[in-house]
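The values are calculated or read from the model by the stated rules, or taken from the named source; none is laboratory data. Computed from a predicted structure; not experimentally measured. For neighbour counting, all protein chains shown are included, and Cβ atoms are generated from backbone atoms with ideal geometry for every residue, glycine included.
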């Protein structure tokens, strides 16, 4: 079938096999809202009932150069969770319940088992996010990608009541900042990670010890199941997903310009991988703060009288939670984020 196309480098049969292998994993994510998923020209999703003023909140993202490590390791089970987490944590930070997601994969050659493994990881993370994976695209592009290379991107849509959107207006002076622990590096800063641990050290992936390999490929944590039940209660005033830009750039997106955040050093444990990277590259405090999450994957602002209750609820949901600071009034020339106490670097 389509022999000329196969000779040009695109194997339609392999693509069909990949779809068959991933089909069950994808369908396992379907919710009641899915009216048509994979197989058609487009997917169809019915909005849930019960909302007074429903607002759709959308996000898109990729995994970045962490993909290169997964490809070097030939381990593709967790990279799908990285993709899902980067997107759903973002729309969650705006107060949305995830509804559905679509993915895109560009790859040099479709290897059905590998593609199915990647998409199965996306499906597993979609289920953990309580959303449906309803479609996507796998593009075989041998002239664009080198052997065994692929790229991933995704798009997700969530829903929220208009009056429950987290847009910064609820955060106020005196609010307590709770930090939810990350699972490690998540999916940010890997260009620098690869430079420090591989390029500058003249090493390949195989030269790294097993523990470090495992650390670098640990999947990004998804916070949907823990935080979603708290959103309708009004206890959550703001959320900040700590991704590219680190604490310094992401935390101010949670509140207005009249406010600032004070973070207390040593109020949470900084995982060893960040210490290792800092020492290896002799990175400045600014480099660390603007590149990595430093062990905090999500920050939430809550009222002082609700802080302990919210912390306990999040801990009950399996999160490691730390009281890391508070919201204050911002002076005219003051920083949006200030750090108190003895810095680790």
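Filter the range 44-72 down to residues that are touching a helix residue (DSSP H, G or I) at 6+ places or on another chain (Cβ under 6 Å) and assigned to a helix (DSSP H, G or I) and give me whichever is surrounded by the most Cβ atoms within 10 Å (Cβ to Cβ).
So, considering only residues that are touching a helix residue (DSSP H, G or I) at 6+ places or on another chain (Cβ under 6 Å) and assigned to a helix (DSSP H, G or I), the one surrounded by the most Cβ atoms within 10 Å (Cβ to Cβ) is 66.
Collect the residues in the range 208-239 that are within 17 Å of residue 77 (Cα to Cα) and in contact with a helix residue (DSSP H, G or I) (Cβ under 7 Å, 6 or more places away or on another chain), keeping them in residue-number order.
Hits for the range 208-239 are 213, 215, 216, 217, 219, 220, 221, 222.
For the range 196-215, check the following and say yes or no: at least one residue is in contact (Cβ under 8 Å) with a residue 40 or more places away in the chain, touching a strand residue (DSSP E or B) at 6+ places or on another chain (Cβ under 8 Å) and not in a loop (DSSP other than H, G, I, E, B).
Within the range 196-215, none of the residues are in contact (Cβ under 8 Å) with a residue 40 or more places away in the chain, touching a strand residue (DSSP E or B) at 6+ places or on another chain (Cβ under 8 Å) and not in a loop (DSSP other than H, G, I, E, B).
In the range 244-259, which residue that is under 15 Å from residue 288 (Cβ atoms) and in a loop (DSSP other than H, G, I, E, B) is nearest to the chain's Cα centre (by Cα)?
244
Can you tell me which residue among 143, 113 is modelled with pLDDT under 90 and not in a loop (DSSP other than H, G, I, E, B)?
Exactly one of 143, 113 is modelled with pLDDT under 90 and not in a loop (DSSP other than H, G, I, E, B), namely 113.
Could you please let me know if residue 275 is assigned to a helix (DSSP H, G or I) and touching a helix residue (DSSP H, G or I) at 6+ places or on another chain (Cβ under 9 Å)?
So residue 275 fails the test.
Given the criterion touching a strand residue (DSSP E or B) at 6+ places or on another chain (Cβ under 9 Å), loosely packed, with under 12 Cβ neighbours inside 10 Å and touching a residue at least 24 places away in the same chain (Cβ under 8 Å), identify the matching residue among 162, 172, 147.
So the residue among 162, 172, 147 that is touching a strand residue (DSSP E or B) at 6+ places or on another chain (Cβ under 9 Å), loosely packed, with under 12 Cβ neighbours inside 10 Å and touching a residue at least 24 places away in the same chain (Cβ under 8 Å) is 162.
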